[in-house]
Amino acid sequence: MKIALGSDHAGLSLKQVIMEHLVGAGHELSDFGTYTGDSADYPDYAHQVAVAVLGGSFDFGILICGTGLGVSISANRHRGIRAALCWVPEIARLARAHNDANVLALPGRFIDPGLAIEVTDTFLNTVFEGGRHARRVQKIEPCDAG
């Protein structure tokens, strides 16, 4: 699987843990930053990852900031991105199965690294169920029309 990752300074250490785990699992990764612990603006990385996912070169995106809220809000500004803030595996499973989420947002300051790995694996390994959920997902996009 090809995965685009990004974080601000508050998500950097968790991003590094997630990246190490994903490389070990055989995934191909691209890190869109940040690369240091210096203060960084989360929208910069969220927008880059969203554009990369929308471009079709990546299967999924993973974004991390302190709460996960800023990156998810920023990524969701892009038509076609469905970023889901997940903090337990069941939320990650439902985000994929019911909402066809294509970007996982993690709360770097509020999740244990082991749990974050479990959430990530659940997100990446869950298939969208389609059916009635596809109809609902289709209704998300036109909300900016008018």
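Odds and ends about this structure:
- Segment LEU69-GLU118, extension gain: residue separation times 0.36 nm, minus the distance between their alpha carbons: 15.7 nm
- If a spin label sat at a point 7 angstrom from the Cα of PHE110 along the line to its beta carbon, the backbone N atoms of region 56-84 nearer than 11 Å would be those of 66-70.
- Taken along the Cα-to-beta-carbon direction at a fixed 7 Å, the label points for SER30 and ALA97 span 3.1 nm.
- Dipole magnitude for region 2-144: about 620 debye, using +1 per Lys or Arg Cβ and -1 per Asp or Glu Cβ, origin at the Cα centre.
- Summing Cβ point charges (Lys, Arg +1; Asp, Glu -1) relative to the Cα centre of region 2-49 gives a dipole of roughly 180 debye.
- Here, region 2-144 yields an orientationally averaged convex hull projection of 7.7 nm² when only Cα atoms define the hull.
- Fewest-first ordering of THR36, THR126 by other beta carbons within 10 Å of each residue's beta carbon gives THR36, THR126.
- Within the chain, no whole DSSP H helix has Cα atoms reaching 20 Å or more along its own axis together with a mean Kyte-Doolittle score of at least 1.0.
- Dividing the summed helix terms, -39500 (n - 2.57) for each DSSP H run of n ≥ 4, by the number of residues in the chain produces a 222 nm estimate of -13000 deg cm²/dmol to the nearest 500.
- Dipole axis of the chain (+1 Lys, Arg; -1 Asp, Glu on Cβ), positive-most option in ALA92, SER7, GLY66: ALA92
Values in this text are rule-based calculations from the coordinates and carry no lab data. Only a predicted model underlies this, so the values are computations on that prediction, with no experimental measurement involved. All Cβ positions, glycine included, derive from the backbone under ideal geometry; neighbour counts span all protein chains shown.
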